[in-house]
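Where a number appears in this text, it was derived from the coordinates with a stated rule and is not lab data. Since the model is a prediction, treat every value here as computed from it, not as a measurement. Don't worry about glycine lacking a Cβ; one is built from the backbone with ideal geometry, like all the others, and counts go over all protein chains shown.
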Amino acid sequence: MPISTGQITALRTRLNISQADLARHLGVSTQSVSNWEQGRCSPDRHSAPAVQVLLDAHVPKTKPARKRSA
C-alpha cells in the first residue's frame, strides 16, 4: 500500500527524523519533503518507494482485528 502524504509527517516525526534528514536520504530537496507533507504534491515514482522503505519499514505491522463469532 502506498504511503499517503498525511502519513509522511506522522511517521517522520514519530521516528524523530527532520525534513532535512529525510530529504538527504532520498536525494531530494527539503522543499520537496515540505510540499509532500502539505499535500501540494506527492513523491514521484522514483521517490515514493524510497519514502515507503525509509518510513513505513520502521512502523510495526499490526494484524487486522478478528471477527468474533456469535
>> How charged is the neighbourhood of A20? Take every other residue with its Cβ under 15 Å from the Cβ of A20, and add Lys/Arg as +1 and Asp/Glu as -1.
In response: 0
> Looking at segment 1-46, what % of the alpha carbon pairs are farther apart than 13 Å?
Replying inline: 52
